[in-house]
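What follows draws every value from the coordinates through simple rules; no lab data is involved. If you're wondering where the values come from, they're calculated on a predicted model, not measured in any experiment. We place every Cβ from the backbone using ideal geometry, glycine too, and count neighbours over all the protein chains shown.
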Amino acid sequence: MNRRIIITLFSALALASCIKNDLPKPVVDLYIASLDVEGASGEIILDRSTYTATIPLAEEINIEQVQFKTISFGADVVTNVNYEADASQIVVSKDLTNRIVNMSEPEYITLSYFQSYEWKIVATQTINRIWTVNGQIGTTEWDLEGHRAIVKRRQDYPLDNVQTIDLRFGPRSTYNYPDVADMPIDFANEEHTRTITVVAHDRSTIWELVVVPTLAEPEFQYIGAGANVIWIKANAIDGSEIVFKYRKKGDEQWIDTQSNWYAVDENNPYNRKESGFVKAVIRGLESGATYEVQGWANTQTDEGLSEIPSKIFEVTTASLYQLPNSQMEEWAKFTNDQKLLPSGEAGPCWYPFSSVQDMFWATGNPGGTSLGEKYNLTYPVYKSASPENVPADSTGEVSAFMGSQNVLGMKFAAGNLFVGHYGETLGTNAKIYFGRPINENVKPVALRFKVKYTRGGINWITINNKYQSASAGVEYHIGSKQTKIVGGQPDVSRVFFCLTDWKEPHCVYSADEKTFFDPRTAAGVYGLGYFDSDTTPALVVENTKEWHTMTIPIEYSNPEVVPSMLLLTFTCSGYGDYFTGSDASWMYVDDVELLYDLDENNQPK
């Protein structure tokens, strides 16, 4: 009896060994779940899309001796969702816990399960270096790789008497370098250079100091025009007062720029003060007119006032451009099939234009209405039917409503309204194109609109492509950067206006996080007005049942750039790209207006 059982068992094992296992191994994504190091000066970014961990170090930390405290890992099943991955089974090529690591170069570790993934760990560190001298023009140029500090200095100041005014090659707690009084003075050699030795964390570095004699005349960084204003930025000159004059081309009389038009602090969003520069905004100008601008370096000498002018610059002010359908009056229903839309075929989908020839604004409605007409998330509201939802002082009869929804328990859909066009629906995802080409030198100082909205508590969330309800008080992490979301926290309403040098609209594909973009950091954005209800609390309205007028300043990194693309986006759920938000969030918008001039109090008018 026992012998027969043994024979049967061996037969079963032999048969099993002949059966081919055709089941593929599940794909398991491996990632750094948490990382803690000593001396981090901000949030450590764990980017799962690029398998990169970025550590921002405080400037006093020795980057060659970074103390790692803890590091943990996670595993998410990408295919074969019935398989449950066990993070404790991850094989790590290098244990960094409680280790001191040289982070002057990236550190690499490999995580293995069924597959292997290499993670790169990098450290960033910003050291506030300072070297300023008497007679300096503009700001110091720092060549960090070559260990050179270069200053432009007035050529009428003697090179054998270069006085250092301020000095800082790093945090004083870790650096040992000459005090101001011990700095070299004589730069009258052929190269106009001297060297100093800086000691940091027991390492010595020789820095070369370079003085470049320069004519003390105004040197412009930019002169850019809007419709009613001209922005100016020039290098400051120690020992001289920089003043600007302007006149309409053809006029004889020069006009002095008013004193309150100069940047005097860092809180003026239209004209922030920058160390080493003189900035001003000339206001009250005619649109579409050509003006001449000149700078003067005024220096008081023993012989009297010395005035050195710059060359005369010509700039032409822009037009008073307004967005099509800015009052939200034009709406119509067409097909949600984007291939048939150019023919103007009728359908269930609301569009913020009355004819396809006038397409400018867009919404996410074509995707939602593929599941039914009730999934128009953005649509017109008429004063005749709902008077409280159109501003009482509006000259029109219609406002735009957008609301967020949980769509059939499959995806969270954020209500939005944007300048651009809907691309295509791909399953439960979509391609959306942000921006419209413009042929005018549009440069408003502010965006103004009427709005009322409600931010619900976030109750829907998507993690690793798994859509689920968000429980109040529970911490989640969404997206490749693992943004922290706590269930029930207020949803984020977001508005942004961009002027860019892009050649084509930006495509966001909801299935590919690499296509998402933040206008505050995106390349090619030269003019930006930005609001969200988390980072700009001063603009968050308190009473969401009443209409409010919101004005968002627009700032230019370089107002000389002529924009080629204009973007404007409204959404009541700012995490909508990640299919995360609240189905209680909504927003009404009306009377969108671009403002082009400032008043005597530096406020848009």
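A few points about this structure:
- Global geometry of the range 28-125, whether rounded, prolate or oblate, following the gyration tensor of its Cα atoms and the 1.5 cut on a/c: prolate
- Local electrostatic count at residue 35 - Lys and Arg +1, Asp and Glu -1, tallied over other residues with Cβ under 15 Å: +1
- Within the straight-line cut-off of under 25 Å between alpha carbons, the lysines reachable from residue 545 are 374, 383, 450, 452, sequence neighbours fewer than 8 places apart in one chain being disregarded.
- Neighbours of residue 231, meaning other residues whose beta-carbon lies under 12 angstrom from its beta-carbon, give a summed charge of +3 when Lys and Arg score +1 and Asp and Glu score -1.
- Converting phi to 3J(HN,Hα) with the Karplus coefficients 6.51, -1.76 and 1.60 and the offset θ = phi - 60°, the range 325-331 yields 6, 5, 8, 6, 8, 9, 9 Hz in sequence order, with x at every glycine or proline.
- Annotation for the range 221-296: trypsin sites (Lys or Arg not before Pro) lying in DSSP loop with at most 16 further Cβ atoms inside 10 Å of their Cβ are 249, 272, 273.
- Close amide-amide hydrogen proximity is noted between residue 565 and 438, 500, 502, each under 5 Å apart and 5 or more residues distant or on a separate chain (H modeled in the peptide plane; Pro and chain starts excluded).
- Each of 117, 453 was scored by other Cβ atoms within 10 Å of its Cβ. Arranged with the fewest first, they read 117, 453.
- 20 Å binning of all Cα-Cα separations within the chain, expressed as whole percents from 0 upward: 16, 38, 33, 10, 2, 0, 0
- Highest to lowest packing among 55-65, 404-414, scored as the average C-beta count within 10 Å: 404-414, 55-65
- Relative contact order, whole percent, for the range 334-387 stands at 29, derived from Cα pairs under 8 Å and 6 or more residues apart.
- Given 94/514; 248/311; 339/514; 248/443, the pairs whose alpha carbons are separated by over 24 Å: 94/514; 339/514
- Here each label is just a point 7 Å from Cα along the line to Cβ, and for residue 273 and residue 145 those points are 3.6 nm apart.
- Per-residue Karplus couplings for the range 419-428, computed as 6.51 cos²θ - 1.76 cosθ + 1.60 with θ equal to phi - 60°, are listed in order as 7, x, 8, 7, x, 7, 9, 10, x, 9 Hz, Gly and Pro entered as x.
- Here the Karplus curve 6.51 cos²θ - 1.76 cosθ + 1.60, taken at θ = phi - 60°, turns the phi angles of the range 517-533 into couplings of 9, 10, x, 6, 10, 5, 5, x, 8, 10, x, 9, x, 9, 9, 9, 6 Hz, with x standing for Gly and Pro.
- Amide H to amide H distances under 5 Å link residue 264 with 273, where only residues 5 or more positions off or on other chains count and H is placed in the peptide plane.
- Fewest neighbouring Cβ atoms within 10 Å first, the residues 433, 108 line up as 108, 433.
- Estimated at 0.36 nm per residue, the fully extended path between residue 50 and residue 76 surpasses their Cα-Cα distance by 7.8 nm.
- Summing Lys and Arg as +1 and Asp and Glu as -1 over all other residues whose Cβ lies under 11 Å from the Cβ of residue 62 gives a net charge of -4.
- Dipole in debye (nearest 20) - the range 28-125, about Cα centre, beta carbon charges: Lys, Arg +1; Asp, Glu -1: 160 debye
- The chain, helix-only ellipticity at 222 nm - DSSP H runs n ≥ 4, -39,500 (n - 2.57), divided by all residues, nearest 500: -1000 deg cm²/dmol
- For the range 168-246, the relative contact order works out to 18 percent when only alpha carbon pairs closer than 8 Å and six or more residues apart are counted.
- Positive-end residue of 150, 167, 204, charge dipole of the range 130-214 with Cβ unit charges: 167
- Amide H contacts of residue 548: 451, 452, each under 5 Å away and 5 or more positions distant or on a separate chain (H built 1.01 Å from N in the peptide plane; Pro and chain starts excluded).
- Per-residue Cβ neighbour rank within 10 angstrom, fewest leading, 431, 466: 466, 431
- Anisotropy class of the range 130-214 from Cα gyration tensor, a/c 1.5 cut: prolate
- Cα gyration tensor shape for the range 220-316, rounded if a/c is under 1.5, else prolate or oblate: oblate
- Normalised by the number of residues in the chain, the mean separation of alpha-carbon contacts (under 8 Å, six or more apart) gives a relative contact order of 11 percent.
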